[in-house]
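The values are calculated or read from the model by the stated rules, or taken from the named source; none is laboratory data. Because the structure is a prediction, the values reported are computed rather than measured. Glycine also receives a Cβ, built like all others from the backbone with ideal geometry; neighbour counts cover every protein chain displayed. What goes into the accessible areas is simple: the full protein's heavy atoms, side chains included, and nothing from ligands, DNA or RNA. Shrake-Rupley method; radii C 1.70, N 1.55, O 1.52, S 1.80 Å.
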Amino acid sequence: MPYSLQDRLVIGLASSALFDLAESDAIFRTDGEEAYREYQELHLDDRLNPGVAFPFVQRLLSLNDLGDEDDPLIEVIILSRNDPDTGLRVMNSIEAYGLPITRAIFMQGKSPYKFMPALNMSLFLSANDRDVREAVAANLPAGRVLDSTYVDDPADHDLRIAFDFDGVIADDGSEQIFQESGIEQFREHEKLNAATPHDPGLLRDFLANVNKIQRIEEERCNTDPLYKRRVHASIVTARNAPAHRRAMATLKSWGVTVNDAFFLGGVDKSLVTSVLKPHIFFDDQTDHLERTALMTPSVHVPFGAMNL
């Protein structure tokens with residue numbers, strides 16, 4: 001029987017999100033492809049340093065201990081613009097870190113995001129803005145990891161995932177009203193539509209898949225009183241009362257949940273993320289992310305009117 005990805009949480013990951021490729025990318029830009037190939041071959045056995053998404057991915061994969069070793073709950077698949085030869089260093093580094101990532105797609109000079117639906121992926125992360133925007137334009141759940149000075153705490157075994165609401169978990173219809181007509185019209189619109197669910201955003205299904213892992217943790221807690229929940233999901237949104245009601249009603253209508261919700265009403269989100277310390281934070285607006293990325297692994301989801 002073929003190996004099925006249908007009942008798993010599957011993430012597509014560019015090597016630029018998993019590892020710090022600044023040095024080798026600089027060689028490619030300044031000296032060309034042949035010099036880049038020579039550099040990668042020379043450093044084939046030199047382990048790459050962790051990139052922005054490394055702590056998130058490492059913790060996510062650790063959750064496979066909740067299931068059967070031969071039937072993992074979570075799969076991470078490398079989606080790379082490298083050809084197989086220049087991708088060897090990435091695979092060697094993955095092995096050196098002991099990450100259980102065994103599947104990869106290498107397409108020389110082309111982004112493989114088009115394979116996301118075939119591989120049941122609910123998220124694609126890359127540092128390549130063009131690849132991410134092309135994926136989002138195809139209505140695929142993708143985000144660009146931003147440079148960050150975040151320092152991981154290896155003693156912290158939890159996995160905290162934080163999302164903006166509008167333009168990330170939900171569509172950006174209400175955000176468009178705010179941008180076009182102002183805050184008062186937005187509030188009135190949300191009050192009138194408080195019981196009307198939003199259309200899903202690109203990362204709704206990713207959150208739903210995270211919830212599946214959380215339910216498995218709940219089952220483990222019921223059989224093992226010593227088990228400590230590791231996965232925590234939060235929304236950090238510029239909404240506040242009364243617009244919070246529609247957000248919560250929407251989540252309930254979809255059957256998805258979060259552990260925490262921060263309705264900030266325009267307060268700087270980095271003030272919350274610096275305390276919450278998520279291992280990854282998704283937002284559709286770069287002005288929010290420029291501040292959060294200073295201390296938090298942050299991902300830009302270039303969806304909707306704000307990103308045209």
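Would region 221-228 turn up any residue that is of a type in the set (A, V, I, L, M), surrounded by fewer than 22 Cβ atoms within 10 Å (Cβ to Cβ), free of Cβ contacts under 8 Å to residues at least 24 places away in the same chain and more than 25 Å from Val132 (Cβ to Cβ)? Before you say what the answer is, go through the steps one by one.
Let us first name the residues in region 221-228 that are of a type in the set (A, V, I, L, M), namely 226.
Of the ones still in play, those that are also surrounded by fewer than 22 Cβ atoms within 10 Å (Cβ to Cβ) are 226.
Adding the requirement that they be free of Cβ contacts under 8 Å to residues at least 24 places away in the same chain leaves 226.
Narrowing further to those that are more than 25 Å from Val132 (Cβ to Cβ): 226.
Scanning region 221-228, I find at least one residue that is of a type in the set (A, V, I, L, M), surrounded by fewer than 22 Cβ atoms within 10 Å (Cβ to Cβ), free of Cβ contacts under 8 Å to residues at least 24 places away in the same chain and more than 25 Å from Val132 (Cβ to Cβ), so the answer is yes.
With respect to Leu271, determine if the residue is modelled with pLDDT of 95 or more and either surrounded by fewer than 17 Cβ atoms within 10 Å (Cβ to Cβ) or farther than 28 Å from Glu188 by Cβ (or both). In short, yes.
Looking only at residues that are crowded, with 18+ Cβ neighbours inside 10 Å and in contact with a Ser or Thr (Cβ under 6 Å, 6 or more places away or on another chain) in region 40-75, which one is modelled with the highest pLDDT? Filtering region 40-75 for residues that are crowded, with 18+ Cβ neighbours inside 10 Å and in contact with a Ser or Thr (Cβ under 6 Å, 6 or more places away or on another chain), the one modelled with the highest pLDDT comes out as Val52. Got at least one residue in region 20-37 being open to solvent by less than 80 Å² (accessible area, probe 1.4 Å), closer than 18 Å to Arg144 by Cβ and either without any contact (Cβ under 8 Å) to a residue 24 or more places away in the chain or within 16 Å of the chain's Cα centre (by Cα) (or both)? Taking every residue of region 20-37 in turn, at least one turns out to be open to solvent by less than 80 Å² (accessible area, probe 1.4 Å), closer than 18 Å to Arg144 by Cβ and either without any contact (Cβ under 8 Å) to a residue 24 or more places away in the chain or within 16 Å of the chain's Cα centre (by Cα) (or both).
Inclusion of Glu184 among residues that are over 25 Å from Met306 (Cα atoms) and without any contact (Cβ under 8 Å) to a residue 12 or more places away in the chain is not warranted. Pairs linking a residue in region 261-279 that is more than 16 Å from Glu290 (Cβ to Cβ) to a residue that is among the basic types (Lys, Arg) and not in a strand (DSSP E or B), with Cβ atoms under 7 Å and 6 or more positions apart or on different chains, are Phe263/Arg239; His279/Arg59.
Exactly one residue out of Asp205, Asp172 is touching a strand residue (DSSP E or B) at 6+ places or on another chain (Cβ under 9 Å) and open to solvent by 80 Å² or more (accessible area, probe 1.4 Å): that is Asp205. In the condition set (1) closer than 22 Å to Lys252 by Cβ; (2) among the basic types (Lys, Arg); (3) buried (at least 23 other Cβ atoms within 10 Å of the Cβ), Arg187 is compliant with all but (3). Here Val132 clears all of (1) touching a Lys or Arg at 6+ places or on another chain (Cβ under 8 Å); (2) of a type in the set (Val, Ile, Thr); (3) open to solvent by 60 Å² or more (accessible area, probe 1.4 Å) except the condition numbered (3).
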